[in-house]
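Beneath this line is the structure, given in structure tokens, with notes to follow.
The values are calculated or read from the model by the stated rules, or taken from the named source; none is laboratory data. These figures come from a predicted structure and were not determined experimentally. No Cβ is skipped: glycine too gets one built from the backbone with ideal geometry, and neighbour counts run over all protein chains shown.
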Amino acid sequence: MKKIKSATLDTIEAIDVDVEATFTKGLPSFTIVGMVNSSIQESRDRVKSALLTNEFKFPPKKITVNLAPSEIKKQGTQFDLSIALLIALYDKKKITFDDFHIFGELSLNGEIKDNNSIFPIVLSLAKQGLIKKILVCEASARKLSKIPNINIYIASNLTKAIEFFTFTNQDDFLYKSDFIGYETIKIRDEVFYLNKEYLLDFNEVKGQRIAKKAAMISAAGNHNILFEGSPGCGKTMISKRLPYIMTPMSLEEILENAKLEALDLKEPSFKPIRVYRSPHHSSTKASIFGGGSINAKIGEVALCNNGILFFDELPHFGKNILEALREPLEDYQILISRVNSKILYKTKFVFVCAMNPCPCGNLLSTQKECRCSQLEISRYKNKLSDPFLDRIDLYVVMTDTSLDDKSSINSKQIHQKVITAFIMQKQRGQKELNGKLCDEDIVKYCTLDDTCQNLLNKAISQYALSYRGINKVLKVARTLADLDSSTNITSSHLLESLSYRRK
């Protein structure tokens, strides 16, 4: 019995699968077993057609293909090529498939095709250290070549794949690596990739100096931010420009972003631009956090890992959604449990949200009159609980715009300051940026002198800051110091940090 290594996705992680085949005497038949779904069962017809149209004889035997381990549910069309090779080469005793993982969907004429599962599968196996060599089509190889430390071999069709294991030098099929071609910076032996494209620029936002400064702080330290202001003052404009001024990305983050794009059925871009997800306020809880009646499926909070999650019209989101958001905002992970599966998603994103000051939106306006009663305003704001708001680092009240407002800074200038702050954080040896520091790292990196400590103690008493609120103030102050290229947090940094707290 011969076997070929392949793999399947279990939600977002890959599991090794051995594709085995036996050929016994009996009435000719072709069966695939091993808890497989309909897409794999349909591969019987694709494999038969691919073999017969390329003049390979289909063995007149009882063929049983098993995908082991059998207790794990398998899905995807990436098993086609493995099954076809086992059948085509069943009588070649000396051929082995050791150290190779084989992935590819077959067309009816034997052409090998890519699918959306192959990239996340290979990336997951590479992170687990389970993969050394792979055979795929060229379309798959172009994406997989970004993953380091694996040898990729390509075959355009079933005939070429058979030649790869029989007649020719395998090195002739080796695919050359294709690294990500962006500007890089190196910090403490770690390489980060820079985006210098500003498709949406901050120079298009007129006025709003404080809001743009807060956006820069958020980008530099991965801080959660809430914009409150009248309709049309620029809340959404600023939020949509945030991805282009975010910190540089490591190769691991770029690959993880590409993996999530593939799971979302999008073509991976491999750009060092952080993902931006903006679900509508009518979205269901399952679509935000992940769910499914039997198997857990990925949701928005996991798809925006290492990126930005934007909630516009924040109070219009369901209260159950906002309260459930507290866990991923605090623990940077979320566990989805179902009858047949449990999956832990990483949720280390920057939470950006925008809201009006009242239902009609004119409470803070100097030009329009608010039509809301005090009861309506209270109901509107009471949709946001204090524990939820305590997880927001930066609270910004935006002013009305006027014809005299001008653009004061562009995205390139902001991004340069963000990169400067990012370099300072990494040179200190921080694994996480300031906004995501744990309690132990806050004590290590956010130290205060006696003057600043006395100032903080007064603020704690005056504003009734919680322990979480104190940590938020310290982390924002640390980012403000980094933006000023200051080694120490000063009184001015601490006072500005306190000014962004919700009073």
Query raised in the report: Going by the conditions given, is Gly104 of a type in the set (Gly, Ala, Ser) and either at pLDDT 95 or above or not assigned by TED's automatic domain parsing to the domain that holds Asp10 (or both)?
Result: yes
Report task. At least 1 residues that are within 30 Å of Asp114 (Cβ to Cβ) and modelled with pLDDT under 95 in each: list the helices (runs of 4 or more DSSP H) lying fully within the stretch 262-350 that qualify. Result -> 285-289, 300-303
Query raised in the report: Does at least one position in the stretch 79-86 carry a residue that is under 20 Å from Phe165 (Cβ atoms), surrounded by 17 or more Cβ atoms within 10 Å (Cβ to Cβ) and charged (D, E, K, R)?
Result: yes
Report summary line: Reported set for the stretch 198-227 where residues are closer than 29 Å to Lys368 by Cβ, touching a helix residue (DSSP H, G or I) at 6+ places or on another chain (Cβ under 8 Å) and outside any helix (DSSP H, G or I) is Leu200, Asp201, Val205, Gln208, Ile225, Leu226, Phe227
Query raised in the report: Got at least one residue in the stretch 383-400 being within 30 Å of the chain's Cα centre (by Cα), in contact (Cβ under 8 Å) with a residue 40 or more places away in the chain and exposed (fewer than 14 other Cβ atoms within 10 Å of the Cβ)?
Result: yes
Query raised in the report: Of the residues in the stretch 10-26, how many are among the β-branched types (Val, Ile, Thr) and buried (at least 21 other Cβ atoms within 10 Å of the Cβ)?
Result: 3
Report summary line: In the stretch 432-474, residues that are within 32 Å of the chain's Cα centre (by Cα), among the small types (Gly, Ala, Ser) and assigned to a helix (DSSP H, G or I) total 2
Report task. Looking only at the stretch 290-299, decide whether some residue is under 12 Å from the mean Cα position of the chain (by Cα) and of a type in the set (A, V, I, L, M, F, W, C). Result -> yes
Query raised in the report: So which residues in the stretch 48-72 are of a type in the set (S, T, N, Q) and surrounded by 15 or more Cβ atoms within 10 Å (Cβ to Cβ)?
Result: Ser49, Asn54, Thr64, Asn66
Query raised in the report: Which one is surrounded by the most Cβ atoms within 10 Å (Cβ to Cβ), of the residues in the stretch 475-503 that are within 32 Å of the chain's Cα centre (by Cα) and among the hydroxyl-bearing types (Ser, Thr, Tyr)?
Result: Thr479
Query raised in the report: Looking at the stretch 88-101, is at least one residue modelled with pLDDT of 90 or more and hydroxyl-bearing (Ser, Thr, Tyr)?
Result: no
Query raised in the report: Phe119 versus (1) closer than 19 Å to Ala258 by Cβ; (2) surrounded by fewer than 20 Cβ atoms within 10 Å (Cβ to Cβ); (3) in contact (Cβ under 8 Å) with a residue 40 or more places away in the chain; (4) not basic (Lys, Arg): which is the lone unmet condition?
Result: (2)
Requested in this report: Pairs only if they're at least six apart or on different chains, beta carbon under 8 angstrom, first in the stretch 363-381 and more than 16 Å from His316 (Cα to Cα), second acidic (Asp, Glu) and not in a loop (DSSP other than H, G, I, E, B); list them, first residue then second.
Outcome: Leu364/Glu228
Report summary line: In the set Lys62, Lys25, Lys93, Lys48, the lone residue that is among the charged types (D, E, K, R) and either closer than 24 Å to Ile134 by Cβ or free of Cβ contacts under 8 Å to residues at least 12 places away in the same chain (or both) is Lys93
Query raised in the report: Restricting attention to the stretch 100-110, does a residue exist that is buried (at least 18 other Cβ atoms within 10 Å of the Cβ), of a type in the set (D, E, K, R), assigned to a strand (DSSP E or B) and free of Cβ contacts under 8 Å to residues at least 60 places away in the same chain?
Result: yes
Query - Out of Ile40, Ile63, Ile32, sole residue that is closer than 27 Å to Ser341 by Cα, in the same structural domain as Cys137 (by TED's automatic domain parsing) and not in a helix (DSSP H, G or I) - result: Ile32
